[in-house]
Amino acid sequence: MPMEGQWQPPDEDASSENEAWHIRVRNIHKTFGPHYVLRGVDLDIARGKINVIIGGSGQGKSVIMKHLMGLLKPDQGSIHVDGEDIVPLSDVGLNRMRKKFGMLFQYAALFDSMSVEENIIFPLVEHGDPDSDQSIDPSTGKPRKRRRYTRAEMHQIAVDQLDKLALPQVLMKKFPAELSGGQRKRVGLARALVMKPEILLYDEPTTGLDPVSTKNVDDMMRDVSREHQVTSVIISHDMASTFRIGDRISALYGGVIIASGTPEEIKQTRHKWLREFIGTSGAVQLPDIDEKDLIVDDLPDAAQSPPKGPPHGRKNIPRPRR
Amino acid sequence: MWLERLAGWVDRLWRPVLRVLALLIETVGAHLLLLLNVVRWMLRPPLRLGVLIEAMVFVGFESLPIVLLISLFVGAVFALQLSSALRTFQAQAYVGATVGLALSRELAPVFTAIVVSARAGAGMATELGSMRITEQIDALATMAINPLQYLIVPRVIAGTIMVPMMAMLFNCVGMFGAYIVAVEVQNVDRGVFIANARWLLDANDLTQGLVKALVFGCVLTLIACNQGYNAGGGAKGVGVATTRSVVGSFVTILVLDYFLTDLWLTFVTHAGGS
């Protein structure tokens, strides 16, 4: 019997698959020189939920994240965002798709030559009002231009964002170098939120933070996900945070997703490595399982060659008609 | 037996040469591709005028004091050397003309480009390298902003516009320095200095310098941006990118200078009969 309020995995046979899954990754492979990092990743990101990808250092979690936004192209495989395959998209198509995303980087990636206010309003200066009518103008055949904010409107938005994320107004004129790690992450999140994204990506958001700041950032991510109804994808190896806020967890090991499901389902895993990974921190209690029932996953050789033959490489993917 | 040994020697000698050649082709190709991308993104909206003006101020206005100071002393030292050398042939009257020719054709574009690549080029490589390793460039891409269009296009345009403008100022201030030394210190006749300079110098000389400065301005910003944009490996990587940017710019400017001069003399000066 599911717990009250617990998210249920969508029915695979449901006709409204795209409604349930915001992003669907199928069989992506990626090599960097001699290193074969992703070896056929299949991953589903549930719409409107907090999806956490866990895995050890150097396993390719950030590589998956960069693929989701089109910052990297897979050697093979497909990535569907809202039902559209983003792999064959051109730079212009990718920029259109990226407007659905917001991203919080591990160290916030704030522009260090800009003040906090300038950082927060930067996407607004570049793209204008995200609520503007973007429908096709029949007279030009192109999307209508977004309304531009005035300086005063943008300042007010920055003030509101700082308020929402419990940051003092005195930070407005400060520069990123003058902020603490937690403050930087909040400003980074404020910058990601101003464009009202549908999908928010977090790259190890609690790394390097003290336990109190970690809990604050966790609460912030949960609040943002619920209040703004956004799909969250979090990369983490912080097990306490993962099981505290995650609706769905996927475990990456040896370049493939070895387990996916709700936190309760992941706790029942029989994968030996995953049990060690979750259990070592002591933050999560796992049920006892007989040693002989455990699945031992061998870590593949990093230099092993990717599979040969089509479909492989970008040139095999048909480009969309313009 | 000896044939095999000879083949081995040839192979050992050729391998590093081929490696250098491959590296050279790869580097030139990468910069040409970057230039193509810059042109492609330059033609697409939006035109970020504020960012462009900021880049022009950084490349041009902020480099101006050092460029002017150097030009004054380059003109002065050339006048001093030539006064001394030409005195042997009783040809001191040609100091102004010779300095003017050297400045407009060679010294102004080359020195301006070298100063700008040492100051602004190094600054660009460091800034972009630092943005790369702190994921600020990735952050731009995640905000649906093409980093190349936002970061590199304005810098390359700024370099291409500002270096020729500064080279022209270099000419003026350099000639002023030469005039002071030749006329006031070496006692060359004022009228003769000016008359000979006007007689020998023409628009072709100034245009040659202008075209060179334009090419150097574009090339040095491309090299700096390419090094910074593709930096990796933390703080050390940024340092390496900056060093490569400065050294690469110096070498490229001097090598290009020779070929541009050759092309100009062949296709413009001699073809035009001047």
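The values are calculated or read from the model by the stated rules, or taken from the named source; none is laboratory data. Here the structure is a predicted model, which means the values were calculated and not measured. A quick note on method: Cβ atoms are made from the backbone with ideal geometry, for glycine too, and the neighbour counts reach across all protein chains shown.
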**Item:** Out of B:Ala102, B:Ala113, B:Ala125, B:Ala108, sole residue that is away from chain A (no Cβ under 14 Å) and surrounded by fewer than 21 Cβ atoms within 10 Å (Cβ to Cβ)
**Value:** B:Ala102
**Prompt:** Quick one: is A:Arg184 within 13 Å of another protein chain (Cβ to nearest Cβ) and without any contact (Cβ under 8 Å) to a residue 60 or more places away in the chain?
**Reply:** no
**Prompt:** Given the conditions (1) within 30 Å of A:Asp131 (Cα to Cα); (2) at pLDDT 90 or above; (3) out of contact with any Lys or Arg (no Cβ under 9 Å at 6 or more places or on another chain), which single one is not true for A:Ile245?
**Reply:** (3)
**Prompt:** Does A:Asp131 qualify as being out of contact with any helix residue (DSSP H, G or I) (no Cβ under 8 Å at 6 or more places or on another chain) and modelled with pLDDT of 90 or more?
**Reply:** no
**Message:** Take the residues in the stretch A:58-72 that are away from every other protein chain (no Cβ under 14 Å) and in a helix (DSSP H, G or I); name whichever of them is farthest from A:Tyr253 (Cα to Cα).
**Reply:** A:Ile64
**Prompt:** Checking A:Gly128 against (1) on the phi > 0 side of the Ramachandran plot; (2) surrounded by fewer than 12 Cβ atoms within 10 Å (Cβ to Cβ), which test does it fail?
**Reply:** (2)
**Message:** Just to be sure I understand, how many residues within the stretch A:223-236 are buried (at least 19 other Cβ atoms within 10 Å of the Cβ) and part of a loop (DSSP other than H, G, I, E, B)?
**Reply:** 1
**Item:** Filtered residues of the stretch B:149-200 (kept if crowded, with 20+ Cβ neighbours inside 10 Å and either among the charged types (D, E, K, R) or not in a helix (DSSP H, G or I) (or both))
**Value:** B:Arg155, B:Val188
**Message:** For the stretch A:86-190, give me every one of the helices (runs of 4 or more DSSP H) that falls completely inside it and has 2 or more residues that are over 24 Å from B:Glu127 (Cα atoms).
**Reply:** A:91-98, A:151-164
**Complete:** Those residues of the stretch A:29-71 that are farther than 21 Å from A:Ala259 by Cα, touching a residue at least 40 places away in the same chain (Cβ under 8 Å) and surrounded by fewer than 17 Cβ atoms within 10 Å (Cβ to Cβ) come to a total of 2
**Fill in**
By residue number, the members of the stretch A:31-57 that are within 13 Å of the chain's Cα centre (by Cα) and within 14 Å of A:Ile249 (Cβ to Cβ) are A:Leu43, A:Asp44, A:Ile45, A:Ala46, A:Lys49, A:Ile50, A:Asn51, A:Val52, A:Ile53, A:Ile54
**Message:** Condition (residue is crowded, with 16+ Cβ neighbours inside 10 Å and basic (Lys, Arg)) applied to the stretch B:239-246: is it met by at least one residue?
**Reply:** yes
**Request:** Specify which of the listed residues (A:Leu110, A:Leu104) is within 12 Å of chain B (Cβ to nearest Cβ) and under 12 Å from the mean Cα position of the chain (by Cα).
**Result:** A:Leu104
**Complete:** Being in a helix (DSSP H, G or I) and out of contact with any helix residue (DSSP H, G or I) (no Cβ under 9 Å at 6 or more places or on another chain) narrows B:Ala85, B:Ala93, B:Ala108 down to just B:Ala85
**Request:** From A:Ile53, A:Ile136, A:Ile120, A:Ile86, grab the single residue that is more than 14 Å from chain B (Cβ to nearest Cβ), touching a helix residue (DSSP H, G or I) at 6+ places or on another chain (Cβ under 6 Å) and β-branched (Val, Ile, Thr).
**Result:** A:Ile53
**Request:** Could you tell me which numbered condition B:Arg244 fails, if it satisfies all but one of (1) among the charged types (D, E, K, R); (2) more than 30 Å from A:Tyr107 (Cβ to Cβ); (3) touching a residue at least 60 places away in the same chain (Cβ under 8 Å)?
**Result:** (2)
**Prompt:** Of all residues in the stretch A:134-144 being surrounded by 12 or more Cβ atoms within 10 Å (Cβ to Cβ) and within 28 Å of the chain's Cα centre (by Cα), which is nearest to A:Leu179 (Cα to Cα)?
**Reply:** A:Gln134
